[in-house]
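To keep things clear, I will list the structure first and then write my remarks on it.
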Amino acid sequence: MKIGPENNGAPSPRRWGLRWGVPLGVATGVTAVSVAAVVVLGGSGSTGPSAADPAHGGTGPANSTPAPSPSASSSPGGTSPGGTSPEAGFTVTDATTTPIDAGTATRILSSCLGADASRYHAAVAVRTPLATEDWDGVVVAVDSAGQYVQCQSKGDKGTSQDSPPTFINDRLWGTGRIVEYFDSMLVPAGEGKYLTLGAGHYSSDVARITISYGEDPKQYPARMADGAFVYGAALSPDTPPGPRYTGPSPYVHAYDASGREIYNQAEDPKFTDEQ
């Protein structure tokens, strides 16, 4: 089974900076696409210690384990020998997503999934705060067996970064895990502008999910429904980026009904142990 843009109408090869959000051992049997395409796999989140201060140090676990390609630098402010620029300074200019109506979501799923679309209903369908040449939204859908798919949208058309789209359900869910990651990516959206978007699944213990970026402690709410969450944000580097800008890493935070943080991706051993 492989993940790649060659057979599923994925975006053009300008999507550089491939970064993996799952330890590579989990992706055994998956053939990585070239560094020209942005495809980020998800991982799984286990219960971790609560953090009163959501600020983080170091590189981000969500998108920081490089695939077998020129690696990204983990130190702010420079450029790696491979030409990849790290996080450095950035500004989140907008993190507001807007709902996609049910009829449009159905058409997106139909073009994304083909004959399989009738088995799924949209759980979360949103337009992102910034449109790129190929994407302007995300639809996460679920079937009666609780199996998820994620489709990116442009207008009322949908595409999947996964082949097949149901690949995300082959990522193991284990006892005690709170968050499961689907696909996330950073996409250029014009000069000095980037769209970061992603999605995942959460357990019944979770009442609220937020996203922070890089070392900025501010958290932005994700859209949640039917056990799925989606986030999107527009960001701009504070200084001209290198030729393959990897941007700040998104960190997922989960809270229970009492408002207690029960998961912080920055403290998840699944990711931090891979650094």
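Pairs meeting the criteria (first residue in the range 141-157 and within 11 Å of Ala199 (Cα to Cα), second residue surrounded by 15 or more Cβ atoms within 10 Å (Cβ to Cβ) and of a type in the set (Asp, Glu), beta carbons under 6 Å, at least 6 apart or on different chains) are Gln150/Asp183. Scanning the range 66-116 for residues that are small (Gly, Ala, Ser) and modelled with pLDDT of 95 or more, we see that the one that is most open to solvent (accessible area, probe 1.4 Å) is Ala102.
Within the range 136-149, can one find any residue that is under 14 Å from the mean Cα position of the chain (by Cα), not aliphatic (A, V, I, L, M) and not in a loop (DSSP other than H, G, I, E, B)? I'd like the intermediate steps shown before the answer.
Kept after step one, since they are under 14 Å from the mean Cα position of the chain (by Cα), are these residues of the range 136-149: 137-140, 149.
Filter again for not aliphatic (A, V, I, L, M), leaving 137.
Checking which are not in a loop (DSSP other than H, G, I, E, B) leaves us with 137.
Yes.
Of the residues that make up the range 235-248, is at least one out of contact with any Ser or Thr (no Cβ under 7 Å at 6 or more places or on another chain), within 23 Å of Asp136 (Cβ to Cβ) and either assigned to a loop (DSSP other than H, G, I, E, B) or open to solvent by less than 50 Å² (accessible area, probe 1.4 Å) (or both)? There is at least one residue in the range 235-248 that is out of contact with any Ser or Thr (no Cβ under 7 Å at 6 or more places or on another chain), within 23 Å of Asp136 (Cβ to Cβ) and either assigned to a loop (DSSP other than H, G, I, E, B) or open to solvent by less than 50 Å² (accessible area, probe 1.4 Å) (or both).
For the range 157-211, filtering for residues that are outside any strand (DSSP E or B), modelled with pLDDT of 95 or more and open to solvent by less than 10 Å² (accessible area, probe 1.4 Å) leaves 0. I'm told Gly214 meets every condition in (1) in contact with a Pro (Cβ under 9 Å, 6 or more places away or on another chain); (2) surrounded by 19 or more Cβ atoms within 10 Å (Cβ to Cβ); (3) at pLDDT 95 or above except one. Can you identify the failing condition by its number? Going through the list (1) in contact with a Pro (Cβ under 9 Å, 6 or more places away or on another chain); (2) surrounded by 19 or more Cβ atoms within 10 Å (Cβ to Cβ); (3) at pLDDT 95 or above, Gly214 breaks only (3).
In the range 106-129, the residues that are farther than 27 Å from Ile209 by Cα form Cβ pairs under 6 Å with partners that are outside any helix (DSSP H, G or I) and open to solvent by 30 Å² or more (accessible area, probe 1.4 Å), at six or more places apart or across chains, as follows: Arg107/Asp156; Ser111/Lys157.
Counting the residues of the range 99-135 that are under 19 Å from His201 (Cβ atoms) and assigned to a strand (DSSP E or B) gives 7.
The values are calculated or read from the model by the stated rules, or taken from the named source; none is laboratory data. In this text the structure is predicted, and so the values were computed from the model without any measurement. Heads up, the Cβs are rebuilt from the backbone with ideal geometry, glycines too, and the neighbour counts pull from every protein chain shown. Heads up: the accessible areas ignore ligands, DNA and RNA and are worked out on the full protein's heavy atoms, side chains in. Shrake-Rupley method; radii C 1.70, N 1.55, O 1.52, S 1.80 Å.
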